[in-house]
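Worksheet: the structure to be examined is printed underneath.
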Amino acid sequence: MDELKLAILIVVILVGIYVVMLLGDYFGYKFGRMRLALYGGYVTLGLIILFAIYAAINLLVLN
């Protein structure tokens, strides 16, 4: 049963990578690669800040 779970996980990861590559190629063509990289960086930075806020609140509430 573990082998089946591993096989499903590998297939899902490969399909996910393929979809992300296609979306990146499409949006890179549509908006320009530098603008896409800049927006991706902004989103990543925002997610890191939101996670830091969540972690700080979670630590304060639980402790």
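Between beta-carbons, use under 14 Å as the cut-off and find the net charge around Tyr26, counting Lys and Arg +1, Asp and Glu -1. Please list the in-between numbers first.
Values: positive: Lys30, Arg33, Arg35; negative: Asp25.
Overall, the nearby charge balance is +2.
Give me the accessible area per residue for the chain, probe 1.4 Å, as a whole number in Å². Display every interim value, and only then the final one.
On the way: 5970 Å² over 63 residues.
With all protein chains present, the chain gives 95 Å² per residue.
Within the accessible area of the chain, what % is carbon and sulfur when the probe is 1.4 Å and the other protein chains stay in place? Could you put the intermediate results ahead of the total?
On the way: 4700 of 5970 Å².
That fraction is 79 percent.
Rounded to the nearest 500, what is the 222 nm mean residue ellipticity of the chain from helices alone, with -39500 (n - 2.57) per DSSP H run of 4+ residues and division by all residues?
Numbers: 2 runs with 60 residues, N = 63.
Mean residue ellipticity, 222 nm, calculated: -34500 deg cm²/dmol.
With the cut-off at 1.5 for a/c, could you classify the chain from its C-alpha gyration tensor as rounded, prolate or oblate?
Values: a/c = 6.17, a/b = 1.10, b/c = 5.62.
Cα axes put the chain in the oblate bin.
Tell me the label-point distance for the pair Leu4, Ile17, using the 7 Å Cα-to-Cβ offset, in nm and rounded to one decimal.
Output for this residue pair reads 2.5 nm.
Can you give the accessible area of Lys5 in Å² (nearest 10), computed on protein heavy atoms with a 1.4 Å probe?
130
The values are calculated or read from the model by the stated rules, or taken from the named source; none is laboratory data. Remember, predicted model here, so these are calculated numbers, not experimental data. Positions of Cβ are generated from backbone atoms using ideal geometry, with glycine treated the same way; all protein chains shown enter the neighbour counts. Keep in mind that these areas ignore ligands, DNA and RNA; they rest on the heavy atoms of the full protein, side chains included. Shrake-Rupley method; radii C 1.70, N 1.55, O 1.52, S 1.80 Å.
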